[in-house]
Structure formats: C-alpha cells, structure tokens
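The values are calculated or read from the model by the stated rules, or taken from the named source; none is laboratory data. What you are looking at is a predicted structure, and each value in this text was computed from that prediction instead of being measured. SASA here: full protein model, heavy atoms, side chains in, ligands and nucleic acids out. Shrake-Rupley method; radii C 1.70, N 1.55, O 1.52, S 1.80 Å.
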Amino acid sequence: MDWFHCNQCFTRSASKYAVSSCGHICCEKCITSQCGVCRSMCSFLPITDEMKPQEKVFFKDPVKLIQTRQEHISQIASFQRTQMERVAIHFKRKAAELEIRVKEVTEHCCQLTDLKRENAVLKKQLSELQRETAELKKPLSQRRVSLPVAVTSP
Ligand SMILES: [Zn+2]
Ligand SMILES: [Zn+2]
C-alpha cells in the first residue's frame with residue numbers, strides 16, 4: 001500500500017496505526033483525544049487484522065476487490081446457469097415423454113376408427129343374414145322370391 005501514511009507526521013514506518021472517526025490515519029505517536037489533522041474530537045479504531053470486514057475493505061487494493069467481486073459474480077452466474085440447465089433438461093425429457101404418449105394415443109384412436117368401420121360392415125352383413133334367414137323361415141308360398149319351377153316331362 002504505497003498510499004498508506006500517518007496523516008499528521010507522514011511516517012510510513014510506524015509499528016501501529018489507527019483510523020479516526022473523522023477519516024484520518026494517525027501513527028501511534030500522533031494519536032490524541034483530538035484528531036491532530038482536523039482538530040475534531042474523535043474516536044480511533046486501531047488498524048489491525050481484527051477489524052471488521054467492512055472496515056478492512058478500506059485498506060484493500062481496489063483492483064483485487066474488483067477481481068474478487070468478479071470471481072464471486074461468475075460463481076453466482078455459473079450456479080444459476082447450472083440450475084437453469086437442470087430445469088431445462090427436466091422439461092425437455094417431460095416434453096419427449098408427452099410426445100411419445102400423444103403418438104400412442106393417436107395410434108389407439110386410429111385403431112379404434114378402424115374397428116368402428118369394421119364393426120359397421122359386420123353389422124350390415126349381420127342384418128342382411130338375418131333378413132335372409134327370416135325369408136328362408138317363411139313357408140314356401142309366402143316367399144317373395146319365386147323359385148324356378150322345373151317343368152319336366154317324364
Ligand atoms: Zn504520526
Ligand atoms: Zn480528523
């Protein structure tokens with residue numbers, strides 16, 4: 001961090017630093033109850049590894065922060081893409097299953113139509129046969145159909 005220095009004495013080699021509530025950095029020698037830079041009464045936060053992440057972030061390299069953020073964002077994007085692919089595969093498979101089902105049902109319908117047609121033909125044939133049977137049951141004299149009479153001379 002080539003920008004890091006005590007805002008009052010400008011040393012860069014002190015062993016301890018703190019940041020004030022007014023936003024000034026002071027080395028341990030320059031810390032007083034009053035900020036040495038702007039003279040306001042303020043509290044100091046020691047600059048250490050124990051700082052909270054939202055405080056630490058102010059001392060990190062912005063370029064690295066962007067890289068880290070980018071990596072995080074691409075992780076999020078990849079996670080969501082995987083989720084999307086999963087659901088897309090599911091619905092594609094479902095659609096294929098339904099297509100097969102539709103084909104099966106259509107075939108059944110065709111078979112049914114064929115059977116209905118066949119049934120109609122058979123019904124017609126049956127009624128013809130019934131009519132013929134009724135005709136045959138009548139006594140000869142009542143028959144509509146006149147039988148050829150063979151005239152033979154002995
Ligand atoms: Zn100083
Ligand atoms: Zn200050």
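Listing for the model above:
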{"item": "Aspartates and glutamates with Cα under 20 Å of residue 60, excluding same-chain neighbours fewer than 8 positions away", "result": "2, 49, 50, 71"}
{"item": "Rg [Å, one decimal], Dmax [Å, integer] - the range 17-60, C-alpha atoms", "result": "10.3, 28"}
{"item": "With all protein chains modelled, accessible area of residue 2 [1.4 Å, Å²]", "result": "130 Å²"}
{"item": "With every protein chain in place, the chain: carbon and sulfur % of accessible area (1.4 Å)", "result": "59 percent"}
{"item": "Span per principal axis, largest first, for the Cα atoms of the range 66-142 (Å)", "result": "113, 9, 9"}
{"item": "Proximal lysines to residue 103, defined as alpha-carbon separation beneath 21 angstrom and excluding residues fewer than eight positions away on the same chain", "result": "92, 94, 116"}
{"item": "Rg/Rh ratio calculated on Cα atoms of the chain (Kirkwood radius)", "result": "1.93"}
{"item": "Set of lysines with alpha-carbon distance to residue 123 below 27 Å, sequence-local pairs under 8 removed", "result": "137, 138"}
{"item": "Å² per residue, accessible surface of the chain at 1.4 Å", "result": "88 Å²"}
{"item": "The chain, relative contact order [Cα under 8 Å, separation at least 6], %", "result": "11 percent"}
